[in-house]
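Working notes for the structure below.
The values are calculated or read from the model by the stated rules, or taken from the named source; none is laboratory data. Just so we're clear, the structure is a prediction, and the values are computed from it rather than from any experiment. Note that we place each Cβ from the backbone using ideal geometry, even for glycine, and neighbour counts take in every protein chain shown. Calculation scope for accessible area: heavy atoms of the full protein, side chains included, ligands and nucleic acids excluded. Shrake-Rupley method; radii C 1.70, N 1.55, O 1.52, S 1.80 Å.
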Amino acid sequence: MKKHKFTENFLTNEVLDCNRGSRNWLLHTRYVRGEYDKCLELADHLQKYAFNSHRFAHYVKALIFSQTGRLQEALDKFHTSIKIQPQDLEALKEVGNCLYRQGRYQLARDAFLEADKLSKHPDPEIYSGLAMCAENLDDVSHGIEWAKASVQAGGGERAGALLAKLLKENGDEDDALTVYDDVLALNACGADTLAAAGALRLRCGDPRRAFQLLGEALSQQPTQHAAALALAAMMLQHRDVDASLARLKAALTAHPTCVAAHTDLGLALLSKKKYIAALTCLQRAVWAAPLSARAAHDLGLVLLICKRPASAFNRLAAAAAFQPSQPYTVLLIAITLERLGDPRADAAYSKAVSLDPEDALIRINYAARHARAGRCTEAAQEAVLTAQLLRRENNLQLAASLALLMSLLREAGVELSTDAIENTPNSNTPTTRHPDNEDFAADEV
């Protein structure tokens with residue numbers, strides 16, 4: 001028999017005979033080695049001899065296209081592979097993954113459901129794909145069910161982390177913590193899972209455990225920006241600004257366009273009174289995310305501190321447009337309007353109080369506004385309400401400010417009731433106030 005040897009460049013080291021059986025092993029070997037160019041050449045050659053009906057060649061070419069971001073070409077090749085072998089479960093799952101990456105979540109869910117029908121046993125990859133599609137289709141409850149099915153089918157770390165994420169989005173933070181604990185106990189988890197678990201621990205008020213998890217995440221992957229940002233937030237809370245700056249710079253090295261990193265870095269530089277550098281960082285954050293209410297809020301705060309109330313008002317007005325119900329943004333707008341001499345400042349103060357009447361910081365600013373405007377009676381009433389609130393919060397800094405305000409009111413001739421004076425917190429009492437329970441992202445201060 002005459003041998004037909006391949007003489008093309010893709011077979012420089014392997015002298016193969018087309019009639020000596022399958023060459024799928026060589027195609028697979030080159031794919032897993034990452035030799036994509038040689039793999040594509042070999043796939044084309046096999047298609048030529050198989051009259052374009054070589055299923056595995058179509059499948060491997062589709063995988064390569066998917067890996068290199070050519071998603072539509074990958075979908076075409078996967079569909080060709082399915083036409084040749086309609087019961088090809090792996091190709092159908094890859095179709096779902098490509099559709100998901102294209103943002104076509106409804107079609108991706110249909111593909112995963114079809115793959116689930118073909119599967120003869122519970123497949124955690126299919127269930128995880130269905131859970132991710134449900135999450136993006138705002139169907140979190142069904143997503144949780146699919147994620148639980150994926151965990152029960154042996155999905156390991158990926159399925160457990162996905163279930164915890166969905167539970168957190170659904171507001172079940174305690175259940176999410178339990179799932180994270182189970183995942184960490186049963187699997188050798190990667191940096192992303194450790195960072196997510198640490199950030200949730202930090203949000204739920206367990207800084208010791210959070211510090212351990214975030215440290216493990218950074219030991220595995222020093223450029224894990226979510227863990228670096230969370231650790232930087234902890235260090236800022238403990239006023240370790242230098243260590244926080246080091247973490248934030250590492251996070252920005254890995255992700256130069258990270259908005260949260262620029263924002264936190266600006267606040268850290270502000271605490272060191274480096275105002276120009278802080279303004280630069282916060283301006284970059286606003287440029288990177290022009291629709292971010294938090295970035296606009298923080299930039300407006302720094303501009304106000306730098307005695308640029310007109311510029312601060314523009315940024316704070318933008319932040320209020322994005323989040324009209326944020327009381328601290330409205331409070332800063334009120335302070336800005338007062339510094340600009342705008343008569344609408346009183347209305348802004350009243351709006352801030354109406355948004356959060358139980359906040360002592362807003363109340364004491366409102367009392368100070370009344371006092372500066374000469375309305376001492378109203379200032380005394382607000383001071384009494386602030387004293388009652390501080391009895392519950394026990395904030396050292398606000399207690400000192402309130403004591404100063406009351407002393408100034410007494411000097412102005414305002415008679416304060418004995419109950420108001422007794423309700424004023426002792427400024428020597430240690431503070432036990434926790435950070436405000438705002439809707440922060442996992443990697444924000």
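Descriptive notes on the structure:
- Some residue of the stretch 105-114 being of a type in the set (Asp, Glu) and either in contact (Cβ under 8 Å) with a residue 24 or more places away in the chain or more than 24 Å from residue 153 (Cβ to Cβ) (or both): no
- Residue selected from the stretch 349-364 under the condition of a type outside the set (A, V, I, L, M, F, W, C) and buried (at least 24 other Cβ atoms within 10 Å of the Cβ), by the criterion nearest to residue 325 (Cα to Cα): 349
- The condition (being over 30 Å from residue 163 (Cβ atoms), touching a Ser or Thr at 6+ places or on another chain (Cβ under 7 Å) and in a helix (DSSP H, G or I)) is satisfied by just one residue among 265, 252, 270, 236: 236.
- Test: residue in the stretch 67-78 that is closer than 28 Å to residue 25 by Cα and among the small types (Gly, Ala, Ser): yes
- Among the residues of the stretch 103-130, the one identified as in contact with a helix residue (DSSP H, G or I) (Cβ under 8 Å, 6 or more places away or on another chain), outside any helix (DSSP H, G or I) and open to solvent by 60 Å² or more (accessible area, probe 1.4 Å) is 122.
- Only listed residue being loosely packed, with under 15 Cβ neighbours inside 10 Å and of a type in the set (Gly, Ala, Ser), chosen from 198, 205: 205
- Single residue of the stretch 79-100 satisfying the filter (in a helix (DSSP H, G or I) and in contact with a Ser or Thr (Cβ under 8 Å, 6 or more places away or on another chain)) that is most open to solvent (accessible area, probe 1.4 Å): 84
- Residue satisfying all of: in the stretch 16-75; among the basic types (Lys, Arg) and open to solvent by less than 30 Å² (accessible area, probe 1.4 Å); modelled with the lowest pLDDT among these: 23
- Every residue from the stretch 254-289 that is β-branched (Val, Ile, Thr) and over 18 Å from the mean Cα position of the chain (by Cα): 276, 280
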